[in-house]
Every structure is written in structure tokens, then in C-alpha cells.
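One structure below.
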Protein chains: 2
Amino acid sequence: MSASTFDLDIYVDWRSSFSFLGTILKVLALGPLFPALVALYYGEDLLPFLVAAAAMAVTGVGLERLRTDRDLGNREALLMVSVTWLVVPLFGTIPYLVAGQGTVAHPVNALFESMSGFTTTGATVLGEISVEQHSRSIMMWRQLTQWIGGMGILVLMVAILSELSVGGAQIISEEAPGFSLEKLTPRIQETARTLWKIYLGFTIAAALVYYGLHLAGLAPNMDLYNAIAHALTTLPTGGFSPKARSVEAFTPIVQWAVMPFMIVAGTNFALFWYVLQGEPKRLTDNPEFRSYLLAIGVVGLLISVLLGSGVGLATVPSNIGPLVGDVENSLRQGLFQTIAIVTTTGYASMDFNTWSQPTQLVLLFAMFLGGSAGSAAGSIKIVRWYIVYRAMGRQLFTTVHPTAVRPLRMSDSVIDEETVRDIFIFVLLFVSLFVFSTIVIYLDAVRTGLGISALEAMSVAIATLGNIGPGFGIVGPMNSFLPFSNLAKLYMVFLMWIGRLEIISVLVVFTPAYWRR
Amino acid sequence: MSASTFDLDIYVDWRSSFSFLGTILKVLALGPLFPALVALYYGEDLLPFLVAAAAMAVTGVGLERLRTDRDLGNREALLMVSVTWLVVPLFGTIPYLVAGQGTVAHPVNALFESMSGFTTTGATVLGEISVEQHSRSIMMWRQLTQWIGGMGILVLMVAILSELSVGGAQIISEEAPGFSLEKLTPRIQETARTLWKIYLGFTIAAALVYYGLHLAGLAPNMDLYNAIAHALTTLPTGGFSPKARSVEAFTPIVQWAVMPFMIVAGTNFALFWYVLQGEPKRLTDNPEFRSYLLAIGVVGLLISVLLGSGVGLATVPSNIGPLVGDVENSLRQGLFQTIAIVTTTGYASMDFNTWSQPTQLVLLFAMFLGGSAGSAAGSIKIVRWYIVYRAMGRQLFTTVHPTAVRPLRMSDSVIDEETVRDIFIFVLLFVSLFVFSTIVIYLDAVRTGLGISALEAMSVAIATLGNIGPGFGIVGPMNSFLPFSNLAKLYMVFLMWIGRLEIISVLVVFTPAYWRR
Ligand SMILES: [K+]
Ligand SMILES: [K+]
């Protein structure tokens, strides 16, 4: 055997990737300073945040020096993305570990909570969610990780993945030619700045509306802390709430107020850029946006009718008003829960563990929809389903007219066939990974004697892979993922990570072809 | 509005399609004569079969005259196929209706049972399966419908659908160039004859082996009637059994003997043609055949281990030997049930309603695999999954090397990209129809107060759409579909029909483009 067989001919400029990660870490070192301010205000411990900020800054500066003349090609960008969403959540565990409060003092739980935050999943392993058990500053760190993660995914989706043709993500740049980039680095900053402004603007608006309701006397417990906390987790479709009972803890008018912000959070942010340019029709005529509202309307009304007629409930919840025959309450619960699931936010306006199995199953299937591409929403995303169904319609035509050539169109542009194929592959890869993961998680539950139903096992897999957050039964919206084994939790950390990065961007790094010329 | 807007410009030569259906009906009029012979032997009523035969013969001769110079193009073939699998099952209800025995005397139930037969599904609405409740001749008609349906689907798949590029079915002809047809009509008869011989040969072999075990004293209750009955429902992957407890009613050695015949029934029959030509490697090297055996091995062993260790059971069945720690019994049950489900035969060697939910969920997911293309098996089929996973692997490569051109290969031939796309569309159409149907069936159950679980509802949809037969709970292998409403049963009749014909061949007939130039 010749020596060259063992020659590690690594073709990827990994130093550039890690140098870029260094810059990101350096910037994100500012993040812990916000909960540090909260700690100062409430007289809580500053140490967890100072340690985190210092660790990120030092590591960031160090990594940055790996390469001064860095040049990100396709592969370096892919590596950077995968590694960033792994390393940043690792640093994100520091405040939990240093603070040592409750269940997240354990390293595996801390990693789960941190990954769930930065991937905007919103699944939790907190034993008890309260500002008594956990300091307000630690809870604010938890919420902030989602806001940072949401911002990161917006930039990633619109500026990077769309250029790398990952799982048909190129559809986003076709939809938003204003954001199209020739080369990666030069215009990323410009794109990022525009997105950042829109994202920040909506976050501030949400906080003002939530707090405004409080000032108007319509939301007694929506104080400034809660208003900021929920604004930080609404826009990234995150779903972490400092309240154990999520948005159920607030008045009905708050629940109505959260809905439009969730819808905004699940919309392609590039379309808001057009609205700002004075072209609102680019939003309202957009096929994905219309399909997205249609899906929410159809599923929401179905669930509302099921709840309002009583057949949608297994047990009647005592902590919210009556549903049967109450139009406002049924509509509110049906729409809120549908929006929360379709946008993959994962908030709850009631415990849907009280729902009957048929209603839960509708919600389970809705988990596969996902919000819009170009938002921080997870799961498969509406635009992919839109293309899939358009391609099916075309198939029916070409079966009759085999020689007909019918390009698929979306808005004004033609979707090229490679994009269509990429989308098909993504959807089936997602569904296959869901099936495989359900079995893995279910068998691990059997191994550890954790009795869960098939519906619960499926909900765990899709809630983590789709970055949704809550599922059914033991992982219901008022419960937690704590009872699972450490092995299962680490597998779910993997699912949240790979799901967040559209699967293919991570898988590709594990192929030999990636590392070779 | 001009008159031409309302002008029905039907471009399809439907007379040719119906004339061809006439010929099929005429030939199938011979079918009822077999159960008539059984009736003669047992001294039972001949009338049900004579009426059916007469009705089919008369209608067949009548329809045949619609067109004497018939010419089947693509569209006429598609129409003929859809209409045949609807009209033949309608005529198949006549024996049930005339005999008036038990639940299938009701028209909706008769149609369900007949459609389930001719589509080789094996789902039943018989209230009580026994030769006491139903005459032996009526039960033989029920089994014969599956054998006829299986033969029909073999010819359809290999000779017609593969030419019409329905859902990527062209893959079959690429695998079996010996069967490739230039024009539809001339060589269909030759292909049909070859297939018919192989199918008949295996049926006779199965009957001889089953009855041989009886003669050798190893299968006391496998008399000649039962041997023929089970041979007639094994090869079409049908699964109807004259025994209420299916193959559980027989000795373990019978269960072992049924397994290889189910595997044969789920194999691409074109490959047996090569074996007869002295090229057995064409079978053993075939990627679909190898994937098929691999899938059976992996799922079968997993279920065997779950059953053998005890965690796979919810309740310990009292009517079969002990499973925990019994290697032979665990392997037998695990492999039998996996083979029965993957080949979509649907026989049962034990009541898998006694299994725990994790084990049932593994079986539910396995229902989406399907046997091989070019067999009478239903569901998605292994070759499609094979292509899907190969395309995913290629995707990982092309994400790194965007300019690389990598055609997918299977055996020696290149799979063209249109076929790959057709396969993706088929798989997603199948899964979407499954999701939609689960909700429809579940909501109808809610409407009629039929309490079923989410797992049961899903199993009903896939068991009918995938032409498998039994599901879980009330539709378990020893139960029946009787409790559903007539509306739900008619919807399931639709699912069996559309699932059997690879969905697209039916849907296409409902598009306006199909009927216009
Ligand atoms: K979420
Ligand atoms: K079957």
C-alpha cells in the first residue's frame, strides 16, 4: 500500500471557516452583557454572564487569528455554518453551568437548553419554569439565545444557504433578487444589516404592544420583563416563555396580540424589505405568503370547530374559560395553537394535552408544514410544499402529454428543475429522518422504561427536528423533555442542530467527497 | 359567450377503452365457474356464481361491440385501466349479494369486500370469518378475486403502467428489457402469457407444499380446501384467509412454509423470467431484490428481538406458545409479520394487537415500504425507496461539486432524470394522500362516535391505500372494518382502487387536460 493512500489531502480551508467562527464568537460575546444588565437591576449574580462573555471573546479572538487572509468558498461556508451552530450553543451553556440553578446545572441538560435556544426550538429540560427557581437574568439569557439564534438563521437562510443550493433554499434568492449575492463575503454585511433592522424593528414593536396592553390595564401580569422576554422569543419563532404555562398565563387579549407577531415571524423577511421599498403587493401577491395564510386558516378553523363542538377535547380544562359553544374562546385557542405550530413558535395558549387524539393528530401533521423560507421558522416550510404540489399538478398533465414542456413558475420567475429536485429530496430526507428518529427515541424510551405512546414518540421527533418545541404527553407544552435519558437528549440535540441547518448542510460535511478535491 | 365554450370536444376514444373492458369481462366470466365447481362438490347453492358469470359474459359481449377497430393509445389505456378496476369489482359483488350470507349481503359491504379482493388488499368486512357462517364456495370466490386481481395487476404493471411512465413505473421495463413493448397491443398477450405461467406455477407449487405438509401429518387442518385457498391468496399478496385467525390457525411449520412464498409473491416477476432463461444472477444481483431482503431482515430481526425480550408485547397472548426467551417462536413471529407487511400480503401468524405500541409503530412505518415493482405487492415499493436514497446520496455529492454530472445507475442501466422525478412525486403524493385520508377517516369516526386511537386511524389509511389489509385495534388482523360508517367504507373503496393503480393513473382521468386535445 503506497503512502499516498494515507495521505490526508484535505482540500477544505478549514482555517478560514474557524477564523470566521472566531469573528462570530467575538461579536456574540456582547450577548451575555444584556442578561448581566438584568442581573444588575435585580441584584442577581453577574458571574455567569461575565464568564461566558470572557470565554467567547478570548476564544473568538484566538480563532480569528487562524487565518488573516480568509476566503470563504462553498465548502468553507458550509463548514463554518455547521460548526458555528455547534460551538456557539456550547459556549451558551456557560451561564447555566456557572449559575448552577436547577436541572440545567447538569452539562447534558445545559447543552439541550442552549441548543434548543440557539436553534429557536423552544424544547425545555427545565424542571420547573419560574423566576423563583431560576434567576430573572438566567431566564433572560435563555430567551436571548433564541433571539440571537433567530437573527443568525435569518442571515444564514437569506445570505448563505440560498447561495449554496441547500435543499432548494435557492428559491429564497429567486424570490428576493434584491438579496442575491454574487460572492459570499462582500454583500453579506449589507444584507445582514437590512435584515437586522427589520428583525429589531418588529421585536421592539412586539415589546411595545405587549407592554402597552399592560399599561392600558388589559394585561396585569405582562410587566416590562415579560414584555421584553416574549418579544425576544416571538420574532425568532422561538417559544421559550418565562411562564410555566406559556402564553396561557396572560389575558385573552394578549393571546390575540401575540398571533399577528407570530405570523410576521413566520413570513419571508425579504418580503418586508419590499414593503419598505413601497411595494406591498410583493408581499400580498406572494404565493408562499398566501399558501401560508391559507394553511393557517384551514387548520385553525378545523381545530376551532373541533374544540367549540366539544369533540376536540379529551378532558375539559379547568384553568381556562369554557370552550364548548364559546366562539371567541374556541377560535382563539384553535387559531393560536395552529399559528404557534405552523410558524414553529411553539407557544401554548392552553394545554393541548387535554385535546382528543384526532385533534392532536391534526396538529401533529401541521408540524410538518413549517413557516416561510427566509424566516426563522423551522420544519419543511410552506414554499417547499407549494412547489411539490405544483409539480404534482404538472405531472398529471405530462402523463397525458408526455412531450409537453411546462416550467414551474412562482411569482414571475421560472423555478429551474434542479431546484425542484432539491426540494423533493429535502422533503423526503426530512420525513425519513423523522421516521428513523421516532424509532430511535421510542426504543430508547423502552430501554429506560419510560412509557410513552406512539403519538408522543412521533411528536418528540418532529418537535426537535422541526425546531418547534413542545409535543404531546410528557413533552406537552406545560411539561418538559427532562425524563428522557442523556443519550436520548444528546440525540435530540443532534436533531435540533441538523434540523436547524436544513439537514443537508450538516450531512454533507460528513461525506468523504466534501474533504477531497 | 360563444357556443364553442360549451362544446364537449372529447379527444379520448372512450369506446375503445370500454370495448377492451368488454373483452376482459368476457374472459373473467370464466372466474365464477371455479367456485361453482366448489359449490357442486359441497352441495352448495350454484346460483350466485351462475348469475355473476352470466352478467359478466353478457355485459362483456355488449361492451366489446362498442368498437370493432379499437386502437389503444396512452389515454385509452389509462381510462381502460381505471374503469376496469372499478367495473370488475362491481360485478364481483354479485355472488355476495345473491348468496345473501352475513354482513356482505349489504351492497356497501359487498363492494368493500369485492374491491378488497380484486385490489389484493385483504381488508374485510365479514362479521365472522368461517365456513359455517359463509358457504365454502362463497369463501372460495372471495379468495379467487384476489388471485384474479393479482394476475391482472402483474400484467398491468409490467405491460402497461411501465409504458405509460406512471409514478416512475418505467423503472420496471428498464429492469426487464425482455418485456419492453414498442406498441401496447401486439406484445401484451405474449408478456401476459409468460407472466401467467410463472404466476400459475408458483400458485400450484404453494398449494402442493401446503397440502404436502398436511399429507405428511405436519399440518392437520391444512386440508385440500385450505391449501388451495391459501395458495390463491399468497401469490397475489392478497391475504384473505378462510380462517378467522389467519395463518395463526395452522402449525408453526405451515407458517415457516408460507414465508418463502410471500417473499416470491413480493419479488419482481420479470426477474423469475431471467431465472428460467438460465440467468439466476439477474435475480440475485438485482438491487431492488437485495434491498427488499435487507429491509425484511433488518425489520424482522428488530421485531423478533422486541418480542423475544418481552418489551415488544403489551399483553401476553394465550393462544400461541410463549415468546419471551423462545428463539424459534420469536423469530417466526417477527419474520412472518414483517414479511406479511413488507410484501403487503397481510396474513397474520399472531394477533399483533397484543404488541406494545413501539413494536406496532415499527410495523406501521414498514407498511410504507411495499414489495417489489413488477409484483402484485402494493404500497410505495422498495425500488422507489432505493432510487430516492441513491438520489439523496448524489445530492450530498453535488452540494460540494455543483457542476458534477452523476447519472443514477441501477444494475447496468442509467435511470433518466425524468424517472427519478416521477418517483419523487409518486412517493410524496402517496404520503400526502395517506395524511389527508387519515384525517378524513378519523373525523368520520369522531362523527359516528367510533372511538379509535391515532395509531388505529393511521393504520386504516395505509392498510387500504397500500393494499395491505389489516391494521391495528378495531381493524387488527383478527378483526374487521365492519364498524366504520358506509361513507367511510366507500372512501376506503376509493383508496384501495386509487392505491392499486399507482394513484396517478386514476387521478389523471379526472383532469380536464386528459379529455382535451
Ligand atoms: K420554536
Ligand atoms: K394484501
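Would you mind stating whether B:V508 is touching a residue at least 24 places away in the same chain (Cβ under 8 Å), away from ligand 2 (no atom under 16 Å from the Cβ) and either among the aliphatic types (A, V, I, L, M) or surrounded by 23 or more Cβ atoms within 10 Å (Cβ to Cβ) (or both)? Judged against the criteria, B:V508 is a match. Selection over region A:444-453 of residues that are within 7 Å of chain B (Cβ to nearest Cβ) and either in contact (Cβ under 8 Å) with a residue 12 or more places away in the chain or closer than 15 Å to A:V388 by Cβ (or both) gives a count of 1. Residue check: A:R409 meets all listed conditions (1) modelled with pLDDT under 95; (2) within 14 Å of another protein chain (Cβ to nearest Cβ); (3) surrounded by fewer than 17 Cβ atoms within 10 Å (Cβ to Cβ) but one, namely (2). Of all residues in region B:360-406, exactly one satisfies the criterion of being away from chain A (no Cβ under 11 Å), hydroxyl-bearing (S, T, Y) and assigned to a helix (DSSP H, G or I), namely B:Y386. Every condition in (1) part of a helix (DSSP H, G or I); (2) touching a His at 6+ places or on another chain (Cβ under 9 Å); (3) not aromatic (F, W, Y) is met by A:A270 except one, and the failing one is (2). For region A:318-330, the criterion of being closer than 24 Å to A:I468 by Cα, more than 16 Å from ligand 2 (Cβ to nearest atom) and in a helix (DSSP H, G or I) is met by at least one residue. If you go through region B:297-327 and keep only what is free of Cβ contacts under 8 Å to residues at least 24 places away in the same chain, under 26 Å from B:S372 (Cα atoms) and within 14 Å of another protein chain (Cβ to nearest Cβ), you end up with just B:V298.
Scan region B:280-296 and tell me whether some residue there is β-branched (V, I, T), closer than 26 Å to B:T419 by Cβ, assigned to a helix (DSSP H, G or I) and in contact (Cβ under 8 Å) with a residue 12 or more places away in the chain. Within region B:280-296, one or more residues are β-branched (V, I, T), closer than 26 Å to B:T419 by Cβ, assigned to a helix (DSSP H, G or I) and in contact (Cβ under 8 Å) with a residue 12 or more places away in the chain. Within region A:189-238, the set of residues being of a type in the set (S, T, N, Q), within 16 Å of A:S375 (Cβ to Cβ) and either part of a loop (DSSP other than H, G, I, E, B) or within 16 Å of ligand 1 (Cβ to nearest atom) (or both) comprises A:T203, A:T233, A:T234, A:T237. If only residues of region B:454-502 that are part of a loop (DSSP other than H, G, I, E, B), within 14 Å of another protein chain (Cβ to nearest Cβ) and under 18 Å from the mean Cα position of the chain (by Cα) are counted, the one that is nearest to ligand 1 (Cβ to nearest atom) is B:G471.
Contact annotation: residue pairs with Cβ atoms under 8 Å, 6 or more positions apart or on different chains, pairing a residue in region B:121-133 that is away from chain A (no Cβ under 14 Å) and small (G, A, S) with a partner that is away from ligand 2 (no atom under 16 Å from the Cβ) and not in a loop (DSSP other than H, G, I, E, B), are B:G127/B:G102; B:G127/B:T103. Take A:S241 and tell me if it is within 14 Å of ligand 1 (Cβ to nearest atom) and either in contact with a Pro (Cβ under 7 Å, 6 or more places away or on another chain) or over 25 Å from A:G466 (Cβ atoms) (or both). Judged against the criteria, A:S241 is not a match.
Among residues of region B:371-395 that are more than 27 Å from B:T194 (Cβ to Cβ), those with a beta-carbon under 9 Å from a residue that is part of a loop (DSSP other than H, G, I, E, B) and hydroxyl-bearing (S, T, Y) at least six positions away or on a different chain give the pairs B:G393/A:T511. In this structure, does A:R193 turn out to be at pLDDT 90 or above and either buried (at least 18 other Cβ atoms within 10 Å of the Cβ) or more than 30 Å from A:L408 (Cα to Cα) (or both)? For A:R193, the condition - at pLDDT 90 or above and either buried (at least 18 other Cβ atoms within 10 Å of the Cβ) or more than 30 Å from A:L408 (Cα to Cα) (or both) - is not met.
Considering only residues in region B:24-52 that are surrounded by fewer than 21 Cβ atoms within 10 Å (Cβ to Cβ) and small (G, A, S), the one that is farthest from B:P95 (Cα to Cα) turns out to be B:G43. Entry remark, region B:111-139: residues being within 16 Å of ligand 2 (Cβ to nearest atom) and either in contact with a Ser or Thr (Cβ under 7 Å, 6 or more places away or on another chain) or part of a loop (DSSP other than H, G, I, E, B) (or both) number 14 in total.
Looking at region A:71-85, can you tell me whether even one residue there is within 26 Å of A:T203 (Cβ to Cβ), part of a helix (DSSP H, G or I) and within 16 Å of ligand 1 (Cβ to nearest atom)? Yes, that holds for at least one residue.
Mind checking which residues of region B:32-61 are under 23 Å from B:L79 (Cα atoms) and in contact with a helix residue (DSSP H, G or I) (Cβ under 7 Å, 6 or more places away or on another chain)? Matches in region B:32-61: B:A55, B:M56, B:A57, B:T59, B:G60, B:V61. For region B:420-433, the set of residues classified as more than 8 Å from every other protein chain (Cβ to nearest Cβ) and either crowded, with 22+ Cβ neighbours inside 10 Å or modelled with pLDDT under 95 (or both) consists of B:I423, B:F426, B:F430, listed by residue number.
Could you tell me whether B:I441 is within 12 Å of chain A (Cβ to nearest Cβ), buried (at least 18 other Cβ atoms within 10 Å of the Cβ) and in a helix (DSSP H, G or I)?
yes
Just a yes or no: is a residue in region A:247-265 over 14 Å from A:T203 (Cβ atoms), of a type in the set (G, A, S) and within 16 Å of ligand 1 (Cβ to nearest atom)? Taking every residue of region A:247-265 in turn, none turns out to be over 14 Å from A:T203 (Cβ atoms), of a type in the set (G, A, S) and within 16 Å of ligand 1 (Cβ to nearest atom). Evaluated against (1) free of Cβ contacts under 8 Å to residues at least 24 places away in the same chain; (2) closer than 27 Å to A:M496 by Cβ; (3) acidic (D, E), A:E76 falls short on exactly one condition, (1).
The values are calculated or read from the model by the stated rules, or taken from the named source; none is laboratory data. Just so you know, these numbers come straight off a predicted model, no measurement behind them. Every residue, glycine among them, receives a Cβ derived from its backbone with ideal geometry; neighbour counts consider all protein chains shown.
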